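Reading through the structure tokens given below for one structure.
The values are calculated or read from the model by the stated rules, or taken from the named source; none is laboratory data. Since the structure is predicted, the reported quantities are computational estimates derived from the model, not experimental observations. Don't worry about glycine lacking a Cβ; one is built from the backbone with ideal geometry, like all the others, and counts go over all protein chains shown. These area figures cover heavy atoms from the full protein model, side chains too; ligands, DNA and RNA do not enter into them. Shrake-Rupley method; radii C 1.70, N 1.55, O 1.52, S 1.80 Å.
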Amino acid sequence: MLSFAWISALVVGIVSAHVLQKLCFPYFWKDIFFFFTLCRYGVKLELFRLTSRVCTVLDRFIQQAHRIPDKPFIIYEGSVHTYEDIEQRSNRLANVFFQKLNVTKGDCVAMLMNNEPDFVCVWFGLAKLGCPVAFLNTNIKSKSLLHCISSCGAKAVIIGADLVECLDGILSNLLEHNIQVWAMKSHFEGTKVESVLDHIDAATDKPLPAILRATTSLKSPTLYIFTSGTTGLPKAAVITHLQSLKAAGGFWAFGVTENDVMYIPLPLYHSAASLIGIGGTIELGATCVLKKKFSASQFWNDCRKHNATVFQYIGELCRYLCNQPKTELDKVHSVRMGIGNGLRQDVWQEFQRRYGNIKMCEVYGSTEGNLCFMNHIGKIGTVGRSNLMYRLLLKYDLVKYDMMKDEAIKDQYGFCQRVKKGETGLLLSKVSALTPFFGYAGSKQLTEKKLVRNVFVKGDAYVNTGDLMAEDNEGFISFKDRVGDTFRWKGENVATTEMEETLGSVDFIQEVNVYGVEIPGHEGRAGMAAMIVRPGFMFDGNTFFEHVVKELPTYARPLFIRLQVVMEMTSTFKQQKFQLVQSGFNPSTISDPLYVLDYQQNSYIPLTKNVYKSILCGERKL
């Protein structure tokens, strides 16, 4: 009788504890399992550090090529490339580079290539020589492209067959600085551009000695990926083996398996597609469908054709898909998960209503940053989740920020102030042995500018993410806005200072202030430039259009122009952006002359009320 009472009490206790846990800690077990998943992967990286025997992403690929040689690795435009195919071709390229390219282990080589299997083959071929590789953004031009190549100290440039014309205007400069230029194209005549393909057929596919690619340190650079950062020209973010291995575990952490098929429509020159996408596919031994360029009209047909189960996204990509005409096949697919960032809550909800209950896994983190949030719960509208266990691994804080003054709010002792739960604050990530910051190549000054020191105590250091975030009482973290001199448009970070320098070189422009404005129904912010015209000159929309198209990539071209007589300044003598951002581009409320970019007329034309309405209604293509 007594034992029955004890058993009953135990059962009641267990049930009560379970109910209490469900009510007060609903995410307890999901948090526990995810935390230990991260710890398992972290232990492997820690063993690499302790033993100085690093198994890099490339090493992992070679292992998979031996384990599953005949398994499809990359499917591209209907062609299947197995793990062995990519291994053999990258070996041939490695031997060509070893024999013909005047580089040695540790020398940086830049790549300017669109999405294609040879992007991966060239990348791995160079890595097999022990050469760090710099991924160049295929949208950048002239001066910016030259700056990127020189800033990472590249000894050579490998360029895709369809991008050779990007060298116009800078080829002679590259050759003058003894930077070799090789192209994935046959039979160059009368130029100093060397052909890779003229040598590849005669090259052996035998692997080079493993000692060339070997590394004993997780902190050794393996890639340079360019980011707009917050100021100036693009910066070469240093990507170490530690960062690339962490990113390669992203798919696995979210529960993706080797049986999944990943659909990758994002550009490989960004870290999402290359480090998480390709790296994650390799870590699992899975298959990826690589798209040269995202197409909203082809997206679901591609997924159905190749039985894709996971896809990578940015928020704008999902909005484009939601804007496609509805069909009876909208929910006829095998996709079960999307992994990406920047998905707005309204688009998230519409996407799932339209295409089914696809689990959307938001990831937050910058290319050069030392912090990552992962929304493993899948709560709509949040970029990640924090808890006590997570904070044991990563130290971050949200601090009060003055949007008008464009600076953190300090207390009487000169230290930052933490915001309360639910309040919006600037996200700072602590630099420590567990979360190091590797910064940018070629300039300690640029790296230092990204840091904030003496934040809470003398001597501490934090990475300034430039992002305003909020954390609710349950630990869910939401992205609110960007601050300072950067905004995001069409999936790219746009540095306003770079734009201002470019636009300011037009002869009739005296001063420029670039910022981003919100447009209903669009992710991010569109570029807008407040400008003062030089005395004695007139604003010329045709000339300005020609300059913008020639010098800036599509995403960085200002969509709107606002002509001012006086440029407002902050109390610290910085250009005032906050009020300009708030006033937007409505001609009914702005007395200054406004202009809009028009590709049909190849000019900047007056922004009238009718044009403004057509933009809001979505009738005008942006």
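None of Asp70, Asp59 is open to solvent by 50 Å² or more (accessible area, probe 1.4 Å) and at pLDDT 80 or above except Asp70. Within the range 208-226, residues that are under 20 Å from Glu368 (Cβ atoms) sit with their Cβ atoms under 9 Å from residues that are part of a helix (DSSP H, G or I) and aromatic (Phe, Trp, Tyr), at 6+ positions apart or across chains, in these pairs: Leu218/Phe48; Leu223/Trp123.
So which of Ala214, Ala237 ends up being open to solvent by 10 Å² or more (accessible area, probe 1.4 Å) and farther than 16 Å from Val310 by Cα? Write out each step before concluding.
On the way: Ala237 fails: open to solvent by 10 Å² or more (accessible area, probe 1.4 Å).
After applying the criteria, what remains is Ala214.
Among the residues of the range 212-232, is any assigned to a helix (DSSP H, G or I) and over 14 Å from the mean Cα position of the chain (by Cα)? Looking through the range 212-232, at least one residue is assigned to a helix (DSSP H, G or I) and over 14 Å from the mean Cα position of the chain (by Cα).
Answer with yes or no whether Lys577 is under 25 Å from the mean Cα position of the chain (by Cα), more than 30 Å from Phe351 (Cβ to Cβ) and open to solvent by 70 Å² or more (accessible area, probe 1.4 Å). The answer is no for Lys577. Each residue in the range 113-163 was checked for being open to solvent by less than 30 Å² (accessible area, probe 1.4 Å), free of Cβ contacts under 8 Å to residues at least 60 places away in the same chain, over 17 Å from Ala236 (Cβ atoms) and among the hydrophobic types (A, V, I, L, M, F, W, C), and 3 of them qualify.
Got at least one residue in the range 170-180 being surrounded by fewer than 24 Cβ atoms within 10 Å (Cβ to Cβ), in a helix (DSSP H, G or I) and free of Cβ contacts under 8 Å to residues at least 12 places away in the same chain? Checking the range 170-180: at least one residue is surrounded by fewer than 24 Cβ atoms within 10 Å (Cβ to Cβ), in a helix (DSSP H, G or I) and free of Cβ contacts under 8 Å to residues at least 12 places away in the same chain. Select from the range 365-407 the residues that are in a strand (DSSP E or B) and open to solvent by 30 Å² or more (accessible area, probe 1.4 Å) and write down the one among them that is farthest from Ile225 (Cα to Cα). Going through the qualifying residues, I end up with Asp402.
Does at least one position in the range 157-167 carry a residue that is at pLDDT below 95, on the phi > 0 side of the Ramachandran plot and not in a loop (DSSP other than H, G, I, E, B)? No, the range 157-167 has no match at all.
Filtering the range 518-548 to residues that are open to solvent by less than 20 Å² (accessible area, probe 1.4 Å), over 16 Å from Tyr612 (Cα atoms), touching a residue at least 60 places away in the same chain (Cβ under 8 Å) and of a type outside the set (Gly, Ala, Ser) leaves Glu523, Phe544.
How many residues, within the range 141-156, are among the small types (Gly, Ala, Ser) and under 16 Å from Ala556 (Cβ atoms)? Spell out how you get there, then give the answer.
Here is the first cut: in the range 141-156, the ones among the small types (Gly, Ala, Ser) are 142, 144, 150-151, 153-154, 156.
Going one step further and asking which of them are under 16 Å from Ala556 (Cβ atoms), we end up with 142, 144.
Final tally of qualifying residues: 2.
Just a yes or no: is a residue in the range 558-572 out of contact with any helix residue (DSSP H, G or I) (no Cβ under 7 Å at 6 or more places or on another chain), of a type in the set (S, T, N, Q) and under 26 Å from Gln601 (Cβ atoms)? Yes, the range 558-572 contains a residue that is out of contact with any helix residue (DSSP H, G or I) (no Cβ under 7 Å at 6 or more places or on another chain), of a type in the set (S, T, N, Q) and under 26 Å from Gln601 (Cβ atoms).
Which of the residues spanning the range 464-490 are modelled with pLDDT under 80 and either at positive phi or in a strand (DSSP E or B) (or both)?
The first filter runs over the range 464-490 and keeps only residues modelled with pLDDT under 80, leaving 481-486.
Across the range 464-490, the qualifying residues are Asp481, Arg482, Gly484, Thr486.
Taking the range 327-345 as the range and being surrounded by 18 or more Cβ atoms within 10 Å (Cβ to Cβ) and under 24 Å from Phe479 (Cα atoms) as the test, the residues that pass are Met337, Gly338, Ile339, Gly340, Asn341, Gly342, Leu343, Arg344. For the range 93-132, the tally of residues that are at pLDDT 95 or above, farther than 22 Å from Val80 by Cβ, in a loop (DSSP other than H, G, I, E, B) and of a type in the set (A, V, I, L, M) stands at 1. Taking the conditions (1) open to solvent by less than 30 Å² (accessible area, probe 1.4 Å); (2) more than 30 Å from Cys361 (Cα to Cα) in turn, Thr486 satisfies each one other than (2).
Of the residues making up the range 431-463, just one is surrounded by fewer than 18 Cβ atoms within 10 Å (Cβ to Cβ), assigned to a strand (DSSP E or B) and not aliphatic (A, V, I, L, M), namely Arg453. Gly255 meets all of the listed conditions (1) at positive phi; (2) in contact with a Pro (Cβ under 6 Å, 6 or more places away or on another chain) but one, namely (2).
Hey, among the residues in the range 302-311 that are surrounded by 23 or more Cβ atoms within 10 Å (Cβ to Cβ) and of a type outside the set (Gly, Ala, Ser), which one's farthest from Asp346 (Cα to Cα)? Top of the filtered list is Val310.
Okay, residues lined up against (1) modelled with pLDDT under 90; (2) in contact with a Leu (Cβ under 9 Å, 6 or more places away or on another chain):
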| site | (1), (2) |
| --- | --- |
| Thr382 | no, no |
| Leu392 | yes, no |
| Tyr401 | no, yes |
| Met404 | yes, no |
| Glu407 | yes, no |
| Lys410 | no, no |
| Leu434 | yes, yes |
| Ala441 | yes, no |
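In the range 275-303, how many residues are under 21 Å from Leu223 (Cα atoms) and among the β-branched types (Val, Ile, Thr)? Total satisfying the criteria: 4.
Go over the candidates Val483, Val457 one by one and state the one that is among the aliphatic types (A, V, I, L, M) and out of contact with any strand residue (DSSP E or B) (no Cβ under 6 Å at 6 or more places or on another chain).
Numbers: Val483 fails: out of contact with any strand residue (DSSP E or B) (no Cβ under 6 Å at 6 or more places or on another chain).
Criteria check complete, one pass: Val457.
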